[in-house]
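I have placed the structure first, in the form of structure tokens, so that the comments after it can refer back to it.
The values are calculated or read from the model by the stated rules, or taken from the named source; none is laboratory data. If you're wondering where the values come from, they're calculated on a predicted model, not measured in any experiment. Counting neighbours? That spans all protein chains shown, and the Cβs are built from the backbone with ideal geometry, glycine included. To get the accessible areas, we keep the full protein, side chains included, count just its heavy atoms, and leave off ligands, DNA and RNA. Shrake-Rupley method; radii C 1.70, N 1.55, O 1.52, S 1.80 Å.
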Amino acid sequence: MINIPKGTKDMLPAEAHLWQYVEDVAKITAEGYGFREIRTPVFERTELFARGVGDTTDIVNKEMYTFLDKGNRSITLRPEGTAGVARAFLENGLQSGALPFKAYYLISAYRYERPQAGRLREFHQFGAELYGAADPSADAEAISLASSLLQNLGLEHVELRINSIGCPACRARYQTALREFFLPHIDKMCEDCKVRVQKNPMRMLDCKEEGCKQFTLHAPKIVDYLCDDCRNHYERTKALLTAAKVKFTEDPFIVRGLDYYTRTVFEFVSDAAGAQGTVLGGGRYDGLLEQLGGSHTPAVGFAAGIERLLLAMQAEGVEFPAPTGTDCYLAGMDDVSREKAFLLAEELRRAGLCCETDLMGRSLKAQFKYADKIGARFVAVIGENELQEGVVQLKNMRTSSSVRVKFEELAQAVLGEEE
Ligand code: ATP
Ligand code: MG
């Protein structure tokens, strides 16, 4: 037997309703803010993600699924959603359409990581992108959408943490200060941090090694290095969130995993066990569209991991709506009745009911057993006598009571009992 690849998971029919519920809530919430869906390819040209040699993100350095296709082109399975949306926005000339551009996506994404709970090689994201608006109200709207989503999913124990990482100008001064702070301790830090201290010391704040974490605690904070514009932007964003009653805490050490962020960065962290901490992350990336060859276009957005949302919901004991099941199973006692059952099922489906009938040539007893397994609410039995009289024996599986119902009144009888 061939096994599933490491770090991937099957989503089986029994859990489909959980996924569909989260996806539906996400769509409805985003549409309430005027975001509309966008779908872009699962694979893109590698250059879209690996932009320039200075990139120091884990995603680009070690996590990408990159291969040559048969035409010798370097192709990468998307590790995240933003780059594809940004490319589509530019390539389709959407900057000359209505601005701000607001879109959401529900995608699978691919990262070569060490699999663990809430960390997979193929995983799923819901994300939102808002392009064209530089105003702090856009940051606040994106954060408010993220917050509403979690709230609408019933999550209560998630904490919003925000920070500003400034613009390239304030960041340059901060990086220098950080480098000076870390260099005296660098011998005691991990191999990755030894590289980061030269290339991008800010990334050291995000290091997950215990040995490195003890040093970051006392590191200089970016908020003390922000220029006036960046500081005002940050203050206004926080004021709007406070006015909108979106609770947050400031975390000076959030830097986010991608190099393209500017100013606002935020994360929603769950304390639910096994949820891998961060369920949703985002921020502002005013330089990204320019980096991709577009004109200067401010941008803000976020992405949530669906697997982590589900883990957090399960850990919090959130109640999911029950899956919709089979309304009526139509059982036939012989071949002729089975054909009538088949046709009646068709009719009931046209009336909007979920119906099943025997496809295995089973005995009546075996058909009942199946109907019970799938949780059918009614079983309609047809035999020789019923056929002659044009009726079914309709059994309510919950109460076990049976009634005779005419063929033409069956749909109504089942529907009536539904209400
Ligand atoms: P982490 O620090 O946990 O590695 P990240 O900063 O790499 O997360 P982002 O690139 O911001 O994550 O992606 C946004 C969200 O996607 C994360 O908050 C998380 O919920 C989810 N996510 C990221 N990587 C994975 C993965 N390998 N498996 C499952 N979910 C993931
Ligand atoms: Mg990561």
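Could you check, for segment 214-221, whether at least one of its residues is open to solvent by 80 Å² or more (accessible area, probe 1.4 Å) and in a helix (DSSP H, G or I)?
Yes: segment 214-221 contains one or more residues that are open to solvent by 80 Å² or more (accessible area, probe 1.4 Å) and in a helix (DSSP H, G or I).
Within segment 115-141, which residues are of a type in the set (D, E, K, R) and open to solvent by 30 Å² or more (accessible area, probe 1.4 Å)?
Matches in segment 115-141: ARG119, GLU122, ASP135, GLU141.
Does at least one position in segment 299-315 carry a residue that is away from ligand 1 (no atom under 16 Å from the Cβ), under 30 Å from ALA134 (Cα atoms) and not assigned by TED's automatic domain parsing to the domain that holds LYS395?
Just the residues of segment 299-315 that are away from ligand 1 (no atom under 16 Å from the Cβ), to begin with: none.
No: zero hits.
Can we say ASP271 is within 15 Å of GLU159 (Cα to Cα), assigned by TED's automatic domain parsing to the domain that holds ALA83, away from ligand 1 (no atom under 13 Å from the Cβ) and under 22 Å from the mean Cα position of the chain (by Cα)? It would help to see each step written out before you state the result.
Numbers: within 15 Å of GLU159 (Cα to Cα): yes; assigned by TED's automatic domain parsing to the domain that holds ALA83: yes; away from ligand 1 (no atom under 13 Å from the Cβ): yes; under 22 Å from the mean Cα position of the chain (by Cα): yes.
So ASP271 passes the test.
From the list ALA117, ALA103, ALA86, ALA98, which residue is more than 20 Å from ASP24 (Cα to Cα) and more than 16 Å from ligand 1 (Cβ to nearest atom)? Spell out the reasoning first.
Values: ALA117 fails: more than 16 Å from ligand 1 (Cβ to nearest atom); ALA103 fails: more than 20 Å from ASP24 (Cα to Cα); ALA86 fails: more than 16 Å from ligand 1 (Cβ to nearest atom).
When all the criteria are applied, what remains is ALA98.
Are there any pairs with C-beta distances below 9 angstrom linking a residue in segment 158-181 that is part of a loop (DSSP other than H, G, I, E, B) to a residue that is crowded, with 19+ Cβ neighbours inside 10 Å and among the polar types (S, T, N, Q), with the two at least 6 apart or on different chains, and if so which?
What qualifies is ILE165/THR262; ILE165/THR264; GLY166/THR262; CYS167/THR262.
Any residue that is within 16 Å of ligand 2 (Cβ to nearest atom), touching a strand residue (DSSP E or B) at 6+ places or on another chain (Cβ under 7 Å) and at pLDDT 85 or above - is there at least one of those in segment 228-241?
Taking segment 228-241 and keeping what is within 16 Å of ligand 2 (Cβ to nearest atom), we get none.
The answer is no, given that none of the residues of segment 228-241 is within 16 Å of ligand 2 (Cβ to nearest atom), touching a strand residue (DSSP E or B) at 6+ places or on another chain (Cβ under 7 Å) and at pLDDT 85 or above.
Would you check if GLY52 is within 16 Å of ligand 2 (Cβ to nearest atom) and modelled with pLDDT under 95? It would help to see each step written out before you state the result.
Details: within 16 Å of ligand 2 (Cβ to nearest atom): no; modelled with pLDDT under 95: yes.
For GLY52, the condition - within 16 Å of ligand 2 (Cβ to nearest atom) and modelled with pLDDT under 95 - is not met.
If I filter segment 327-354 down to residues being open to solvent by less than 10 Å² (accessible area, probe 1.4 Å) and assigned to a helix (DSSP H, G or I), which single residue comes out as farthest from ARG377 (Cα to Cα)?
Ranking the candidates gives SER337 first.
Considering only segment 370-410, state which residues are within 39 Å of the chain's Cα centre (by Cα) and either more than 14 Å from THR326 (Cβ to Cβ) or small (Gly, Ala, Ser) (or both).
Across segment 370-410, the qualifying residues are ALA371, GLY375, ALA376.
Under the condition of being away from ligand 2 (no atom under 16 Å from the Cβ) and more than 15 Å from the chain's Cα centre (by Cα), which residue from segment 99-114 is least open to solvent (accessible area, probe 1.4 Å)?
PHE101
Which of the residues that make up segment 389-403 are open to solvent by 40 Å² or more (accessible area, probe 1.4 Å) and either β-branched (Val, Ile, Thr) or touching an Asp or Glu at 6+ places or on another chain (Cβ under 8 Å) (or both)?
Applying the first criterion (open to solvent by 40 Å² or more (accessible area, probe 1.4 Å)) to segment 389-403 yields 389, 393, 395, 397-403.
The answer is GLN393, MET397, THR399, VAL403.
Mind checking which residues of segment 63-83 are more than 14 Å from ligand 1 (Cβ to nearest atom) and open to solvent by less than 40 Å² (accessible area, probe 1.4 Å)?
Filtering segment 63-83 for residues more than 14 Å from ligand 1 (Cβ to nearest atom) gives 66-76.
Those that are more than 14 Å from ligand 1 (Cβ to nearest atom) and open to solvent by less than 40 Å² (accessible area, probe 1.4 Å): ILE75, THR76.
Would you confirm whether or not segment 132-145 contains a residue that is within 16 Å of ligand 2 (Cβ to nearest atom) and out of contact with any Pro (no Cβ under 6 Å at 6 or more places or on another chain)?
In the first step, residues of segment 132-145 are kept if they are within 16 Å of ligand 2 (Cβ to nearest atom); the result is none.
Within segment 132-145, not a single residue is within 16 Å of ligand 2 (Cβ to nearest atom) and out of contact with any Pro (no Cβ under 6 Å at 6 or more places or on another chain).
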